[in-house]
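The numbers here are math on the coordinates, done by the rules we state, and not lab data. Keep in mind that this is a model prediction, so the values were computed, not measured. With ideal geometry, Cβ positions are generated from the backbone for all residues, glycine too; neighbour counts draw on all protein chains shown.
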Amino acid sequence: MGDRFDPITLEILWRRLISIVDEADASVARTAFSSLLRDAHDYTCMFTDRHGRELAQGTFCTPGQAGAMALGVKQIIQAFPLEDYRPGDVVICNDPWLLAGHLNDICVLSPIFHRDEIVAFTACVFHHSDIGGRIASDNHEVFEEGLFIPPVKLYREGRLNEAVLEMIRWNVRTPDEVVGDIRSQVAANHVCARKILEMMEEEGLDSLDGLAEEIIGRTERSMRQAIEGIPDGVYPYEGVIEGAGGREDITIRLQVEVKGSDLRVDFTGTSPQVDWGGNVVYNFTYAYVFMAVKSAFDPDIPINEGAIRPVHMTAPEGCVVNCRFPAAVAARMQVGHFMTEMVFRALAKAIPDRILADSGGTPAQTNIFHGRRHDGQPWLTMIIRGGGMGASSRMDGHHCAIFPANGANTPVEIFESDTPLLVEARELVPDSGGPGRMRGGLGRRMVIRIPDDEYAPLPPVTIAVQAGRFRYPPQGIFGGRPGAKAKFLVNEAPADPSGLTLCRPGDVVAFYSAGGGGYGDPLDRDPELVQRDVEYGYVSLERAREDYGVVLDPQTLRVDLEATQALRRSLRGQSRP
């Protein structure tokens, strides 16, 4: 088989595999019911070999789901003896400890048969807006958070298990939407399986074993070569994450050890699991550790089993980043998303030009809204909001980026059509990006009003907020300064973001996402870039002067170079010890 896969043939087959998974991905956008999937793209499609080793994932994936699936799909496959699988079987599961860390992420997995033999598996994970339970970050156990589905067969030899679907239907608030999205998952797997079998027939492949070994082996060698380019050593870091709603801070201790072509991240000394929903399972923690390593070392290497082999992780069982069942995990991104930036921080001395300052989209700002319409029908929707991305050595941070997660902002028109709520503002927040030689991205303000029509008053609306950065802003790096903090306001007053907020008709809710941290000394920023920022409304005249030492004519907004040089000399003098 090895002789057949010359470099050109291998590249063609690899690109075809990616296009196949992307086609399954595209089918989701066409068939999914909820805007969280259809518009925000909070799902991941994947294809593995017959052993469950990841071969390819969709181009637009969510790192937390994809990285966790690379570990978890193997375990789900093993829930049934290999000989028990039949053509037409479909397995469903949302066990957080097997998958991506909370109950809303449901996996649908299908075996692919070629000439009566299993040759591969295809799987997709969707973040469903609702899985029942109490949707809040202040839950105490996973039992409060919704329906727990162990690995079970949703279809047996092509025949739907109606009992499983009915069980799901009767445990969620919007059953038509949830069931519709599950059917979309089944359809995505069908697309992937059909296209892979077409490829095998056209290429004359009896199995995928040889191709899998070639792809995985080459990727592993490339990843190891990238790691070998980093100086050997142990790189420690200790960070703090705010507890939800004023709860006790969480300490994350880690050390990154680079030794030859292997890299190990050890979380010994990290805080124990907590009595709220920020606990993280091992797979989800690993996913964002891998995200940091992969993006910093070589973002162009393919992502599959070979890429994860050189990256090892240790986390004591029972700590907040490797929690034990039945810990509450619904808000796991409030801690788990920080793992990427903390690995960046640990590696800052080793690879200063390849990392980012802290991002305001870490963690992703997730809001769940639910209530009843005037006619009593229940509605529920979830939106994910980004913050300002941290700056890098070469670029300003992007505005409103969902990083290190991946996703898209739900359009206002979609949100208003899915709910009875009204969006009064969605705008960038000036001066929210952390000053630096490279500026952090801006945060975003979103204002939502609950309608108060006197002739048909809307029932109260419940809002759950899963977010962070309310106490500690995203930090800058190498002299860069912090971005602005996040805020959650109800009728212009600060509100507790950790539980459920009940809003009545006429209430106005405002969400502010944090700005990204800056990179490098702001006094080293090109004055013309500061001028551009002021012209675009990103930075005010006052902050241009105070933070960057740039003096602009208030009428023309042109830089006064002589005054700027004098002011910067003065500010540098003040900053000396």
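Within a 10 angstrom radius of the beta carbon, how do D358, D49, D22 rank from fewest other beta carbons to most?
D22, D49, D358
Any idea what the dipole of the chain comes to, in debye rounded to 20, about its Cα centre with Lys/Arg Cβ at +1 and Asp/Glu Cβ at -1?
1200
Using the alpha carbons of region 527-575, what is the convex hull volume per residue in cubic angstrom, as a whole number?
Hull volume normalised by residue count: 62 Å³.
In whole Hz and in residue order, list the ³J(HN,Hα) couplings for region 365-376 that follow from phi through the Karplus curve 6.51 cos²θ - 1.76 cosθ + 1.60, θ = phi - 60°; x for Gly and Pro.
Going residue by residue, I get 8, 10, 10, 10, 10, 8, x, 10, 6, 4, 8, x Hz, with x marking Gly and Pro.
Summing Lys, Arg as +1 and Asp, Glu as -1, what charge do residues with Cβ under 14 Å from the Cβ of H128 carry, H128 excluded?
Summing Lys and Arg as +1 and Asp and Glu as -1 gives -3.
May I ask for the Rg/Rh ratio of region 199-277, computed from Cα atoms with Rh as the Kirkwood radius, given to two decimals?
1.27
With no solvent and one point per C-alpha, what does the Debye sum give as log10 I(q)/I(0) for region 449-577 at q = 0.12 Å⁻¹?
After summing over all Cα pairs, the log10 values are -0.65.
How big is the Cα convex hull of region 348-404 in projection, averaged over all directions, in nm²?
Hull-based average projected area comes out at 4.6 nm².
Calculate, in nm to one decimal, what Q78 and E144 gain on full extension: separation in residues at 0.36 nm each, minus their alpha carbon distance.
Here the segment from Q78 to E144 would lengthen by 21.0 nm.
Just tell me which lysines come within less than 21 Å, Cα to Cα, of K349; anything on the same chain fewer than 8 places away is out.
K259, K294
Taking every eigenvalue of the Cα gyration tensor of the chain, multiplying by 5 and rooting it, what semi-axes result, largest first, whole Å?
40, 31, 21
Could you give each residue of region 389-401 its phi-based ³J(HN,Hα) in whole Hz, using Karplus coefficients 6.51, -1.76, 1.60 with θ = phi - 60°, and x for Gly or Pro?
Couplings: 7, x, 6, 10, 5, 10, 9, 5, x, 5, 7, 6, 8 Hz.
Which of the peptides 50-59, 242-251 is most tightly packed, and how do the rest follow, judged by the mean count of other Cβ atoms within 10 Å per residue?
The peptides rank, most packed first, as 50-59, 242-251.
May I ask for the distance between the Cα centers of region 403-463 and region 365-380, given as a whole number of Å?
Their Cα centres are 16 Å away from one another.
Would you kindly derive the ³J(HN,Hα) couplings of region 531-539 from the backbone phi angles with the Karplus curve 6.51 cos²θ - 1.76 cosθ + 1.60 (θ = phi - 60°), listing them in order in whole Hz, with x for Gly and Pro?
4, 4, 4, 5, 4, 7, x, 6, 10
Do you know the relative contact order of the chain, to the nearest whole percent, from alpha carbon pairs under 8 angstrom that are 6+ apart?
Relative CO of the chain lands at 13 percent.
Enter the per residue convex hull volume of region 2-220, computed from alpha-carbon coordinates, in Å³ rounded to the nearest integer.
Normalising the Cα hull of region 2-220 by residue number yields 118 Å³.
Can you list the residues, at least 5 places off or on another chain, whose amide H is less than 5 Å from the amide H of N406, using H built in the peptide plane?
The answer is G64.
Which order do L500, L71 fall in if you start with the one that has the fewest other Cβ atoms within 10 Å?
Lowest count first: L500, L71.
Tell me, Kirkwood radius of region 356-520 from alpha-carbon pair distances, in Å?
Averaging 1/r across every pair of different Cα atoms and inverting gives 16.0 Å.
Taking 0.36 nm per intervening residue step and subtracting the Cα-Cα distance, what contour gain separates S222 from L10 on full extension?
Stretched out fully, the S222 to L10 stretch lengthens by 74.8 nm.
For a footprinting-style exposure proxy, rank E546, E83, E427 by other Cβ within 10 Å, fewest first.
E83, E427, E546
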